[in-house]
Amino acid sequence: MKAILAMAAAAVLLAASPAATVDDLAWLAGRWSREESERWTEESWTAPRGGVMLGHSRSGRGDSLRDFEFLRVQAGADGIPAYIAQPGGGAPVAFRLVRRDDTSATFENASHDYPQRIQYARDGETLTATISLIDGSKQMRWVYRRR
């Protein structure tokens, strides 16, 4: 019975919360980088404007580019923000925003092979990006510093 009451209370709180917008993710904007020996990864995000945040990521070793990705966050058909990734400039894959607070966001797409979950969390001048399967397994993490 307590579990049912807790779920009902959570549903009421969610219903009372205003819907998330792309502007709520403005904390993600900036230039972020990570360097480890000769390996490097960079990720950049524009501030929200016109209901969209644009981003890109690239990684490599030394002077060689290994991977790149075009990114954007914009409202989906249901009005909920979605993270849209185009690894290597390929076809876009959308991940729906499922949780957020003032400095973190989680996007999911259970029908995608990998990743199925993309999480970002900011702590001051540090941004952590984590990808995984829906159950949290096969996790990979990048810790960036603001540039």
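Mind counting the residues in the stretch 105-119 that are over 19 Å from A75 (Cβ atoms), in contact (Cβ under 8 Å) with a residue 12 or more places away in the chain, surrounded by fewer than 19 Cβ atoms within 10 Å (Cβ to Cβ) and of a type in the set (S, T, N, Q)?
So the answer is 0.
Could you grab me the full set of residues in the stretch 29-41 that are of a type outside the set (A, V, I, L, M, F, W, C), part of a strand (DSSP E or B) and free of Cβ contacts under 8 Å to residues at least 60 places away in the same chain?
Matches in the stretch 29-41: E35, E36, R39.
Tell me which residues, restricted to the stretch 106-131, are touching a strand residue (DSSP E or B) at 6+ places or on another chain (Cβ under 6 Å) and at positive phi.
none
In the set V52, V93, which member is in contact with a helix residue (DSSP H, G or I) (Cβ under 7 Å, 6 or more places away or on another chain) and modelled with pLDDT of 95 or more?
The unique qualifying residue is V52.
Just checking, which of A129, A82, A75 is crowded, with 16+ Cβ neighbours inside 10 Å, within 14 Å of the chain's Cα centre (by Cα), under 22 Å from S37 (Cβ atoms) and not β-branched (V, I, T)?
It is A129.
If R122 satisfies every condition in (1) surrounded by fewer than 17 Cβ atoms within 10 Å (Cβ to Cβ); (2) part of a strand (DSSP E or B); (3) among the charged types (D, E, K, R) but one, which is the exception?
That leaves (1) as the condition not met.
Quick check on E35: is it crowded, with 16+ Cβ neighbours inside 10 Å, closer than 24 Å to T126 by Cβ and modelled with pLDDT of 95 or more?
No: the conditions fail for E35.
The values are calculated or read from the model by the stated rules, or taken from the named source; none is laboratory data. As the structure is a prediction and not an experimental result, all values here were calculated from the model. Because the Cβ atoms are built from the backbone with ideal geometry, glycine has one as well, and the counts that use them run over all protein chains shown.
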